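**Student:** Could you have a look at this structure, given as structure tokens, before my questions?
The values are calculated or read from the model by the stated rules, or taken from the named source; none is laboratory data. Note that this is a predicted model, so its numbers are computed, not measured. Here Cβ is always computed from backbone atoms with ideal geometry, including for glycine, and neighbour counts include all displayed protein chains.
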Amino acid sequence: MRAFEIPSLSLCIYRKGKRMLSVAYGFSNLRFEQRATPNNTYRVASISKTITAMGIAELVNRGQLSLDSRVFGAKGILPLLAVDQGHPWLRFITVRHLLEHSSAGWGNQEKIEFNRTPQTKRLNGTALLEFYIRAYAPKFQPGRQHLYSNIAYVILGRVIEEVTLRPYEAFISDVVLQPNHIEARMGKTEAGENEVAYYSPDNANPYTYWSPSKLNAAAGWVMRAEEVGCFVFSDAFQR
């Protein structure tokens, strides 16, 4: 922790589904010298993608969705997302491609989700996704290679909303989190109750550099380390 200037760490160890250890080290807030405890919550970043994938799997199991369904275009799941001005390959992207990071676009190395130009700061929801789709063309034909992408999972969140006609967060809470007695919430720009304070080694503001709510299905969830452990040993995860 000292070597990498990490202010706090929450550790939870499970063995055969039973919690063996739950401890925290360091400070949840350096400014106020508050000690970290196992009750502190953290942004769990890309663990959110696994949660989203479980939501997609539930829809597939229910017969409400096919992994090979096309996402964009007039006959796609999200027909209202304007792809007419985008690359022709966009119309061939399927749910499976988004899940497997083989959709060919919006790779993390470009950091487009952190592009905080005056234009993108004003955009949310559909308008922001349409900006990404128009501005960043696929790098290869969908399914040919893998390219890790936050935006692909944000789109999967929209797929869940379109299929269920419910907000992403509400659906995930009902079918993934609550049945497994997992407490979690969607992060906001400012820290919530019991949430640790965040710091950035490069002096970027961790509260304005990116918005958890905009990356909800990709990196938006907040929970305790114990909840992450419960999640890994949940019936839904094991399936």
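**Student:** Quick one: in the stretch 133-163, of everything that is crowded, with 17+ Cβ neighbours inside 10 Å and polar (S, T, N, Q), which residue is farthest from residue 215 (Cα to Cα)?
**Tutor:** That would be 149.
**Student:** Cβ-Cβ distance below 6 Å, separation of 6 or more or different chains: which pairs start in the stretch 168-181 with a residue that is part of a helix (DSSP H, G or I) and end on one that is surrounded by 16 or more Cβ atoms within 10 Å (Cβ to Cβ) and among the hydroxyl-bearing types (Ser, Thr, Tyr)?
**Tutor:** 171/164; 180/234
**Student:** Scan the stretch 134-162 for residues that are under 18 Å from the mean Cα position of the chain (by Cα) and assigned to a helix (DSSP H, G or I) and report the count.
**Tutor:** So the answer is 13.
**Student:** Out of 10, 22, report the one residue that is over 26 Å from residue 214 (Cα atoms), surrounded by 13 or more Cβ atoms within 10 Å (Cβ to Cβ) and of a type outside the set (Lys, Arg).
**Tutor:** Only one candidate passes the filter, namely 22.
**Student:** Check 76, 143, 63 and return the single one that is in contact with a Ser or Thr (Cβ under 7 Å, 6 or more places away or on another chain) and at pLDDT 90 or above.
**Tutor:** From the options 76, 143, 63, the qualifying one is 143.
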